[in-house]
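Before any comments, here is the structure.
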Amino acid sequence: MNPLTNSDNRHRDASCSTAAALWLYRIVLLATLFGARTTAAPLNDWPSRQSLGVAAPGLVRVALPPETFDAAQASLADLRVLDPAGAEVPYLIERPRATTRTHRPREGWQVFLEGNRTRIEIDVNLRGQLIALGIETPAAEFLKAASLTGASAGGTRALLSAYPVFRQPDGATQLLLQLPEGVWTHLTLTLDDARSKPIPITAILLHEAESPVPPPEVAATRLVERVEGAGETRLTIDLGAARVPLAGLRFESDEPLFIRHVTLFTRQLENGEVRERPLGTGTIYRVAVEGGNPVAQLDLALDSQPPSRELVVVIDNGDSPPLPVDAVVALRRSIHLVFHTRQAGTFQLFSGNPRAAAPRYDVAALASQLKGATLASLKPGSLGANPEFHPSEPLAEIPLFGAVLDVEPWLFRRAVKLAPGAVQQLELTPHVLAHSQAGLGDLRLVAAGKQVPFFLERTGFTRVLAPEVSRTDDPKQPRLSRWTIRLPHAHLPLTAVSCEIKTVLFEREAQVIEEVPDSRGERHRRLLGSSSWIRKPDGKSGRFSVNLSHPPQTETLLLEIDNGDNPALNLEKFRVFLPVNRLLFKAPPGAVMELCYGNVKAAPPNYDLGLVAPQILATAKSDATLADADPAGPAGRSPSSRTMSLLFFGVLALVVAVLMVVIVRLLPKPATPG
């Protein structure tokens, strides 16, 4: 026997023994760590639980449903798994993510201008799979048809034809071409320049896939509110749960051709007020170029876990009509719990403890070992109450009352009609906005003589008011058209004035002013806003607006249009836009509440609600309203008893003074010495 062969055999046997020992060590370690059981946690602090029906021992993967995210902390630190015997089971959180790498090659690509087309030749030198090709250009506005061919070991074939690439003035952009599956060594990208001039190409981006990810779960949402504003559509959608990991949104629309820039917002606390925070942006479209079939992109990519169950979707319509949106669906990412069990049976998944710290299980080092393992997949049962939890009032961390408040200095006190639910939202009416401080710092909610803490939410929504309008031209200024706009209240924080114009061709300068009286009663013109109105025959919209840079101080606005030597325009359907502001608060059970406003000397309130803002924002809200109608102008004010008392004593003092004068005059004058 060849000694080299014996040596090889001995080496192979030793290697096999080492490999077997290593795999045995891994299996023992995996079983030890995943099978380790710890003492049960004190479950009276966990309000919710879900059952897990484990059919057989081994590794188990649990797909977390939306109701689990809604009940748990955003980080999932409060999740606990107990086996049928009540022992805590260590687990690993699995968050699948598709990983891509973007290359910006400096060499290996060339641009050629050939008549009515731009041709770009690209050498692809990647180890992985090319999934998308992007271009960069400084061109500000264009729409072109792109074609793409790919070369591989199997030959050359067409990948895309008449595919739209564009950049629009409203920010809508599509510069990415998704590639079909395959390994390509060379790409040829062609841009059609027949209808527009060529655009400069400054960079090529190659997007390489490193690891795939399971497709997202498609889930319906609920449309809470739709508001059409000046050039935009604002949608509020309810995701059904807070803190749900999103991969994007999918829009459903039967509009045949369109391009829209879309921005997503969530709500968060900033400087003591709830404001909208941008969450993501992108472009949705259905476009056909150069006679090709329509190409649609209706998914808006997102990688976020919104803290609130509601999202605000802003669709920029520009000069186009509002985009009809039939539905918006959520694309949810999958997140799993993975654990090992030695027995079958009903396990329990507990959640909902806001003060629980993340457990420290010694399993994270084995995450890489789970990639090739076989796991049994299951879904937890519906979310139910933990019978061992000691229930308390909803959102117990939120204080019900603040300091005692003397309401006498407030001019207005309006009853609040509460709706069923723990957290309420109260939209401020035009009367409240007009008769409060400019910053709304004098608003107070009062129940049983004490303040009720609240958040002030400043939204991006607007409400439309239809004012009284009349044509009031000045004969001394024949080139000027003037409309008088009468508002329901002075000091309304208006953001814009708009109207409709049927004339199809014009160019005018418009401005909104008001005449403000000074201390001597003289009136002075105050410019609130101006705009250039231009409409061409291909204009799609007949509504024009003037954005106001300052809120009016009076109840009367003047819209003036300089016609030059042109005929006057006919304006109709006037609108004024008022911002939507809300109060978010927890209603004391059975309380009789009032909203107080109209105190120019009040300082803004300072409540300890910042620490519980996530709970309030994540909770479904009920719509509270003001029980009585808005008072009609200054005559409808409800002065406080202190004001009435001061008025009474003032009148009394005046009467006494008049009587004293009369008595002095009736007294006989002293005789003058002769």
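Quick look at the values:
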item: Cα gyration tensor, the range 463-579 - rounded (a/c under 1.5), prolate or oblate; result: oblate
item: Order of SER498, SER519, SER211 under a 10 Å beta carbon neighbour criterion, fewest first; result: SER519, SER211, SER498
item: GluC sites (Glu not before Pro) restricted to DSSP loop in the range 64-160 with at most 14 other C-beta within 10 Å; result: GLU107, GLU141
item: Debye intensity ratio I(q)/I(0), log10, the range 144-216, q values 0.13, 0.18, 0.28 Å⁻¹ (C-alpha model); result: -0.50, -0.88, -1.42
item: Amide N proximity, the range 54-97 versus GLU388 label position 7 Å along Cα-to-Cβ, cut-off under 17 Å; result: 78-90
item: Rounded FRET efficiency, nearest 0.05, which uses the C-beta distance separating PHE401 from LEU465 and R0 of 41 Å; result: 0.70
item: Trypsin sites (Lys or Arg not before Pro) within the range 141-222: DSSP coil, no more than 13 neighbouring Cβ in 10 Å; result: ARG195
item: Equivalent ellipsoid dimensions for the range 463-507 as semi-axes, Å, which come from the Cα gyration tensor, largest first; result: 23, 17, 9
item: Point-charge dipole on Cβ atoms (K/R +1, D/E -1) for the range 218-332, about Cα centre, debye to 20; result: 460 debye
item: Contour minus Cα-Cα distance for ARG101 and ALA490 (0.36 nm per residue); result: 134.3 nm
item: By average C-beta atoms within 10 angstrom, highest first, the peptides 171-184, 570-583; result: 570-583, 171-184
item: Which of TRP483, TRP410 has the fewest Cβ neighbours within 10 Å, and the rest in rising order; result: TRP483, TRP410
item: Label-point separation in nm, GLN305 to ARG119, each point 7 Å along Cα→Cβ; result: 5.1 nm
item: Residue-span extension gain [GLU228 to ASP326] - 0.36 nm each, minus C-alpha spacing; result: 33.8 nm
item: Cβ-Cβ FRET estimate between ARG520 and VAL600, R0 fixed at 22 Å, reported to 0.05; result: 0.45
item: Amide N of the range 214-234 lying under 18 Å from the label point, which is placed 7 angstrom from the Cα of GLN129 along Cα→Cβ; result: 214-216
item: Contour excess over end-to-end distance, with Cα ends at ILE534 and SER51 and 0.36 nm allotted per residue; result: 167.5 nm
item: Within the range 323-337: backbone nitrogen closer than 17 Å to the ASP254 label point (7 Å, Cα to C-beta); result: 323-328
item: Over the range 88-169, equivalent-ellipsoid semi-axes from the Cα gyration tensor in Å; result: 34, 19, 13
item: Kirkwood Rh and Cα Rg combined as Rg/Rh, the range 218-332; result: 0.99
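Each reported figure results from applying straightforward, stated rules to the coordinates on display, with no laboratory input. For clarity, every value in this text was computed on a predicted model and none was experimentally measured. We place every Cβ from the backbone using ideal geometry, glycine too, and count neighbours over all the protein chains shown.
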